[in-house]
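Asks: Here it is, the structure, as structure tokens.
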Amino acid sequence: MPTKGQLFAGCTVALVTPFRDGALDEVALRRSVEWHVAQGTPIVCPVGTTGESPTLSHDEHERVIAVVVEAAAGRAKVMAGTGSNSTAEAIRLTRFAARSGVDGALLVAPYYNRPNQEGMYRHFAAIAECVDLPLVLYNIPARTGRNVEPETVERLAAIGPIVAVKEAAGSLDQVSELIVRTNLTILSGDDSLTLPMMAVGAEGVVSVIANLVPRDVIALIEAFRRSKIDEARERHARLFPLCRDLLGLGPNPIPIKTALALLGRGNGELRLPLCPLDDHATTLLRKSLARYGLLTEHP
């Protein structure tokens, strides 16, 4: 049987948020969405981890969502990040996203205050009660300090608007348990695990590297869907070093913003407490981009 969140199966790009002189760069944001539409990216996800949402004001967060929806203009689906460690704030952001015309919302598990599993359940259930919008849970315990356990996800799966999970705990056993326990659509939250997770039942990825090579990520997913396993493995092997460097040379989104700047698709500007890569890491990133064929040479 098809899983609940089929509209989000496939490749979703976790968009970066461009800044210029400390302010949101709406021109660059619109340009990014246009580029992804031209590349065939089916779903864009603004204001998630990669979008530096923790450093955005409430007004900026809402403005990013509104700009992306307007720029996409129905040519790509929009899954907006609206999670928070405050349930009331997450409800407010999700309601705004729904009014803006998004196709769904991505809800990160509450961070810092580290609720128990009952608190997790009540948090997500409260949001689902307040909106008529497909909701994607986002489990990333390395950033939130708490794992959303499969038993909790199983309870949440019975709530109508909750249709999918972006799973970034790094455990194939947990993915397998979610597949067994629920009919939610499972999405990889780690680019390097997209193929392994699809092998046990996941149906796509919310991708950082798709900011650079969306067509290659889409091609990997499509190869697996068509049972072209050797091709999928080859594409995984080609993408893997880029995945490792873009998520290993510094905290996300520092490397991806640096890579976009090196390719002439941004200025690399970040907001504190994130800061630029040092010279050594930048050189390694240049080499990685050159090996992939995205840069013709490196120092």
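The values are calculated or read from the model by the stated rules, or taken from the named source; none is laboratory data. Remember, it's a predicted structure, so these values are computed and weren't measured experimentally. Quick reminder, even Gly has a Cβ in these numbers, built from the backbone with ideal geometry, and neighbours come from all protein chains shown. Just the protein is used for accessible areas: all its heavy atoms, side chains included, with ligands, DNA and RNA removed. Shrake-Rupley method; radii C 1.70, N 1.55, O 1.52, S 1.80 Å.
Asks: Rounded to the nearest 0.05, what FRET efficiency is calculated for Glu70 and Leu274 with R0 set to 25 Å and r the Cβ-Cβ distance?
Replies: 0.40
Asks: Taking just the alpha carbons, could you work out the radius of gyration and Dmax for the stretch 116-168, both in angstroms?
Replies: Using the Cα atoms of the stretch 116-168, the pair Rg, Dmax is 10.5, 30 Å.
Asks: Could you work out the mean projected area of the convex hull around the alpha carbons of the stretch 34-177, in square nanometres to one decimal?
Replies: 8.5 nm²
Asks: State to the nearest 20 debye the size of the charge dipole of the chain about its Cα centre, where the only charges are +1 on K and R beta carbons and -1 on D and E beta carbons.
Replies: Using Cβ point charges on Lys, Arg, Asp and Glu, the chain gives about 340 debye.
Asks: Quick one: give the max-minus-min coordinate of the C-alpha atoms of the chain along each principal axis, largest first, in Å.
Replies: 53, 46, 35
Asks: Largest first and in whole Å, what are the equivalent-ellipsoid semi-axes of the stretch 23-87 based on the Cα gyration tensor, each being the root of 5 times an eigenvalue?
Replies: Largest first, the stretch 23-87 gives 21, 13, 9 Å.
Asks: Rounded to two decimals, what is Rg over Rh for the stretch 54-110 when you use alpha-carbon atoms and the Kirkwood radius?
Replies: 0.95
Asks: Further question on the same structure: Can you tell me the Rg and the Dmax, both Å, for the Cα atoms in the stretch 161-205?
Replies: 9.2, 29
Asks: Hey, another quick one. Which of the peptides 19-32, 75-88, 131-144, 268-281 is most tightly packed, and how do the rest follow, going by the mean number of other Cβ atoms within 10 Å of each residue?
Replies: 75-88, 131-144, 19-32, 268-281
Asks: Please work out how much length the chain gains when fully extended from Arg30 to Arg95, using 0.36 nm per residue of separation minus the C-alpha to C-alpha distance, in nm with one decimal.
Replies: 21.1 nm
Asks: Given a Förster distance of 41 Å, report the FRET efficiency between Ser57 and Arg181 from their Cβ-Cβ distance, rounded to the nearest 0.05.
Replies: So, using R0 = 41 Å, E works out to roughly 0.60.
Asks: If you don't mind, there's one more thing I want to ask. Can you tell me how much longer the chain between Ser86 and Arg114 gets when fully stretched, taken as 0.36 nm per residue apart minus their C-alpha distance, in nm with one decimal?
Replies: Extending this stretch completely gives an extra 9.0 nm.
Asks: How about Lys287: which lysines have a C-alpha closer than 25 Å to its C-alpha, ignoring those fewer than 8 places off in the same chain?
Replies: List returned: Lys257.
Asks: Seen from all sides and averaged, what is the projected area of the convex hull of the Cα atoms in the stretch 1-47, in nm²?
Replies: Dividing the Cα hull surface by four gives the mean projection, 3.8 nm².
Asks: Return the tail of the calculated pair distribution for the stretch 140-299, meaning the percent of Cα-Cα pairs more than 25 Å apart.
Replies: I get 38 percent for the Cα pairs in the stretch 140-299 exceeding 25 Å.
Asks: In Å, what is the Rg of the alpha-carbon atoms in the stretch 134-232, and how long is Dmax?
Replies: 13.4, 38
Asks: Rounded to the nearest 0.05, what FRET efficiency do Arg215 and Gln6 have when you use their Cβ-Cβ distance and R0 = 22 Å?
Replies: The value I calculate is 0.55.
Asks: Could you go through the stretch 144-153 in sequence order and give the Karplus-derived ³J(HN,Hα) for each residue, using 6.51 cos²θ - 1.76 cosθ + 1.60 with θ = phi - 60°, rounded to whole Hz, and x for Gly and Pro?
Replies: 9, x, 9, 8, 7, 5, x, 4, 6, 4
Asks: Quantify, in whole percent, the carbon and sulfur part of the accessible surface of the stretch 150-227 (1.4 Å probe; protein heavy atoms only).
Replies: Carbon with sulfur: 50 percent of the solvent-accessible area.
Asks: Lys4: which lysines have alpha carbons under 17 Å from its alpha carbon, excluding same-chain residues fewer than 8 sequence positions away?
Replies: Cα-Cα hits under 17 Å: Lys77, Lys166.
Asks: How far is the Cα center of the stretch 282-297 from the Cα center of the stretch 7-56, in Å?
Replies: Their Cα centres are 23 Å away from one another.
Asks: Between Rg and the Kirkwood Rh of the stretch 182-248, both from Cα atoms, what is the Rg to Rh ratio?
Replies: Across the stretch 182-248, the Cα-based Rg/Rh ratio is 0.94.
Asks: Kindly list the residues of the stretch 1-24 that lie in the label zone of Arg225, defined by a backbone N under 16 Å from the point 7 Å along the Cα-to-C-beta vector.
Replies: 2-13
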